[in-house]
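What follows is a single structure, written as structure tokens, with notes after it.
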Amino acid sequence: MEAVKIDQPIQNQEKNTEKQTKASLYQIVWRWHFYAGLIFAPFLIILAFSGAVYLFKPQIENIIYEDLYFVQEVDNSPLSSSTQVATVKEAYPDGTVTSVKFYDEPSRTTEIGLMENGQMSSVFVDPYNGKIAGSLNNDEKFTEQFKKLHSELMIGGTVANRLVELAACWAVILLITGLYIWWPRNRASIWGIILPRFKSKERTFWRDMHAVPAFWLSVFILILIATGLPWSGVMGEQINHLATSTNTGYPPFANSWGEKPESTFKTKDVAEDVPWAAENLPVPMSTNGYKPISLKDVTLIAQNENINKPYTISMPQDEKGVYTISTSHTKPGDNATLHVDQYSGLVLTDVRFQDYGLMGKAITMGIALHEGRLFGLANQIIGLIVCIGLFGLIVSSFIMWRIRKPEGKLGSPSKPKDKKITRTVFFIMLGMGVIMPLVGISIIIVFLLDRFFFTKLKPFKAWVG
């Protein structure tokens, strides 16, 4: 009996220690979640809103630019592509034709890329009578504004792009920390876990309206973030480097297919509408010749090589340049990138979706999913639901914060007493920063500011609490 009496306090102490450790861990994870949400919520709202609009780019542009995109009457005998380009050159003598885009709808105009006075624009030509329907400055397209907002916050430049990437990466951490906070602890009821408690008090109601939808949407949000990262500046380069070094992006034969001299350019530098997996494909050079083949000849090559419309033919940039036939607007299986000798018409490089490596295929499909074109309208609607859901999560979190926020204070969760747990979680976060470099850099910057600057400001410390 005495042994039991002696062991009982020890057991109770161990239970209390374990309980305190769990409480401290919960507290520090909540603090990370709170501050990350507070800082990056505005950026995530911008991403959700702009992404939701851009998902429906085809439908929106078809309505806004109907007079430019579609012809009045469809004929059975369209003019040759060379004739259509000649019409544009005559109308814009100071411009340089850079590309020609052909669509699979008979009622669509031919879209001809034009560089004039350092500005890219699209000229739309009726393929049946050669009349020019009009032109559009590429940067002024309605959906292009939302694309710039989504990728560069409308500001443009490297800093804005990195901010967008940073917000996306921190969104991943918000999901992880949020799931930890949500994770059920000795609760048998589904209410408040997988279904919200609609009749509960205000604070509990808004907690459920934040946590429960976040649980259901977490996988979809994570997929949306992951499929957008290949475009980013830092993570995107890492992904591309990994795909290239492991030969899981574009195929190895693309570098050695036939004996040909190679330029120092990458395909994305000389062509439009290039699939992600072929953007860094080395560009071969055309052999010396006397007379280049016509654009009509290149369209025949595209037909003979079974390139599905819509596709774009990018023009040679100089006497050593090549024609590039590319398509990335359709379903991933139709992706193609061909470099054609401008004199002999020889196909120097031909890379299709089936030639991509494992990463190339996965990322190409992911990008199509991200843009809402992998499986049609259903893909767009699912993407829209996720964007609206993300917006709702941010709104509900703001309401939760306002409800619990004390007057004159930030209302952040209190610091845990266990410093060991705090340090452990800090190093775990740094580990995530190794995977997502911008996150790691931001954590170090905030740590240094907190250590040497914020702690010196007594009013700030009192406000933060």
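Order Ile444, Ile221 by their accessible area, 1.4 angstrom probe, all chains in place, largest first.
Correct descending sequence by accessible area is Ile444, Ile221.
Would region 75-151 count as rounded, prolate or oblate if I go by the C-alpha gyration tensor, calling it rounded below 1.5 in a/c and otherwise prolate when a/b exceeds b/c, oblate otherwise?
It is oblate, given that a/c is not under 1.5 and a/b is not larger than b/c.
Using only the C-alpha atoms of region 13-140, find the volume of their convex hull and express it per residue in Å³.
171
Would you work out which of Leu393, Val274, Leu25 lies farthest towards the positive end of the dipole of the chain? Charges go on Cβ: Lys and Arg +1, Asp and Glu -1.
Leu25
Using the Karplus curve 6.51 cos²θ - 1.76 cosθ + 1.60 with θ = phi - 60°, work out ³J(HN,Hα) for each residue of region 130-139 in order, rounded to whole Hz, and write x for Gly and Pro.
The phi angles translate into x, 6, 8, 6, x, 9, 9, 6, 4, 6 Hz.
Would you tally the net charge around Ser200, using a Cβ to Cβ cut-off of less than 9 Å, leaving Ser200 out, and scoring K and R as +1, D and E as -1?
Once all neighbours under 9 Å are counted, the net charge is +3.
Using a Förster distance of 51 angstrom, determine the FRET efficiency expected from the C-beta separation of Ile428 and Asn62, and round it to 0.05.
0.60
Once fully extended, how much extra length lies between Asp104 and Lys419, figured as 0.36 nm per residue of separation less the alpha-carbon to alpha-carbon distance?
That works out to 107.1 nm of additional length.
Quick check: Cα centre of region 166-241 to Cα centre of region 392-447, how many Å?
Comparing the Cα centres of region 166-241 and region 392-447, I get a distance of 15 Å.
With every protein chain kept in place and ligands, DNA and RNA left out, what is the accessible area per residue of region 90-171? Probe 1.4 Å, answer in Å².
I get 46 Å² per residue for region 90-171.
Rounded to the nearest 500 deg cm²/dmol, what is the calculated helix-only ellipticity per residue at 222 nm for the chain, with -39500 (n - 2.57) per DSSP H run of length n ≥ 4?
Computed ellipticity for the chain at 222 nm equals -17500 deg cm²/dmol.
Pick out, from Val439, Tyr180, Gln59, the residue whose Cα sits farthest towards the positive end of the charge dipole of the chain, with +1 on the Cβ of Lys and Arg and -1 on the Cβ of Asp and Glu.
Toward the positive end, the furthest listed residue is Tyr180.
Could you compute how much accessible surface Val74 exposes when probed at 1.4 Å, giving the result in Å² to the nearest 10?
Per-residue accessible area (Val74): approximately 90 Å².
So, in nm, how far is label Trp463 from label Met154 when the simple model puts each one 7 Å beyond its Cα toward the Cβ?
The two pseudo-label positions are separated by 2.6 nm.
Please go through region 68-124 and write out the GluC sites (Glu not before Pro) that DSSP classes as loop and that have at most 10 other C-beta atoms within 10 Å.
Sparse-neighbourhood loop GluC sites (Glu not before Pro): Glu73.
Taking H as built 1.01 Å from N, whose amide H comes closer than 5 Å to the amide H of Phe70, not counting residues under 5 places away?
Thr109
Can you give the Kirkwood hydrodynamic radius for the chain, in Å, rounded to one decimal and based on Cα pairs?
After inverting the pairwise mean of 1/r, the radius is 25.9 Å.
What spacing in nm lies between the two simple spin-label points modelled at Ile190 and Glu237, each 7 Å away from Cα in the Cβ direction?
Spacing of the two 7 Å Cα→Cβ label points: 4.9 nm.
Using 7 Å Cα-to-Cβ label points, what is the Arg451/Phe215 separation (nm, one decimal)?
With each label point 7 Å from Cα toward Cβ, the separation is 3.9 nm.
Given contacts defined as C-alpha pairs under 8 Å and at least six residues apart, what's the relative contact order of the chain, whole-number percent?
18
About the Cα centre of the chain, what is the dipole size in debye to 20, counting +1 per Lys and Arg Cβ and -1 per Asp and Glu Cβ, all else neutral?
3800
If packing is taken as the average count of other Cβ atoms within 10 Å, what order do 348-354, 320-326 fall into, highest mean first?
Averaged packing, sorted descending, gives the order 320-326, 348-354.
Which loop chymotrypsin sites (Phe, Trp or Tyr not before Pro) in region 178-228, with loop taken from DSSP, have no more than 12 other Cβ atoms within 10 angstrom of their Cβ?
The qualifying sites are Phe198.
With a 1.4 Å probe and all protein chains left in place, how much of the accessible area of region 304-421 comes from carbon and sulfur atoms, in whole percent?
After summing per-atom areas, the C and S share lands at 60 percent.
Using +1 at the C-beta of Lys and Arg and -1 at the C-beta of Asp and Glu, which of Gln317, His329, Val340 has the Cα lying farthest in the positive direction of the dipole of region 309-358?
Towards the positive end, the residue furthest out is His329.
Give the cross-link partners of Lys22 among the lysines, using a straight C-alpha distance below 16 Å as the criterion and excluding same-chain residues fewer than 8 apart.
Leaving aside lysines fewer than 8 places away in the same chain, those within reach of Lys22 are Lys415, Lys417, Lys419, Lys420.
Just add up the charged neighbours of Pro106: K/R +1, D/E -1, any other residue whose Cβ is under 13 Å from the Cβ of Pro106.
Net of charged neighbours comes to -3.
The values are calculated or read from the model by the stated rules, or taken from the named source; none is laboratory data. Note that the coordinates shown come from a computational prediction; the quantities given were computed from them, not determined experimentally. Note: ideal-geometry Cβ built from the backbone for every residue, glycine included; neighbour counts use all protein chains shown. These accessible areas exclude ligands, DNA and RNA; they are computed on the full protein's heavy atoms, side chains included. Shrake-Rupley method; radii C 1.70, N 1.55, O 1.52, S 1.80 Å.
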